[in-house]
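Since the structure comes first, as structure tokens, the remarks are kept for the end.
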């Protein structure tokens, strides 16, 4: 599977750390499922800090590469400004992230429908159709009560995602441990 020799200790380390990380993700996922509004605030705050950090890095890169690049400085100012806006007015950030997720799910749905219809009648096309329907339903859920439903749905989706990511890490760590024996 790999072209280069891999250190056998890597599997042991991955197995150990994937189990620890998996348990942490499962706990965070359960918290997000039980308290979705809290997880939404955490998620949006995290996104805001990423934008602020990205803005500072863009400004630093602009400073190092071309101090006269007004578009580089504008990018930096916009990223920092939007990040600060989200931190000081989190409801605005929640609505914005909710709208972006709705757009994502609609695009994912249309891509799924087109893939399913292009694959038909081959095996597996129906699963892409089911995926497309679910993506469409999630997109509709975001739009129907927007922006208020975003406060609930973002945290719930992040919670489910963390829960299943953690479960997958636990399973993968167990498989790697068995492979290494």
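FYI, it's all coordinate maths here, none of it is from the lab. Nothing here was measured: the structure is a model prediction, and the numbers come from that model. Ideal geometry is used to build each Cβ from the backbone, glycine not excepted, and the neighbour counts take in all protein chains shown.
Key figures
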read-out	value
Least to most buried among 18, 68, 161 (fewest other Cβ within 10 Å first)	68, 161, 18
Residue-averaged 222 nm ellipticity for the chain, from DSSP H runs of 4+ at -39500 (n - 2.57), nearest 500	-31000 deg cm²/dmol
Average Cα contact separation per residue, the chain, under 8 Å, 6 or more apart, as relative contact order %	42
Segment 54-125: relative contact order as a whole-number percent, Cα under 8 Å and 6+ apart	21
Ranked packing of 56-63, 25-32, most packed first, by mean Cβ within 10 Å	25-32, 56-63
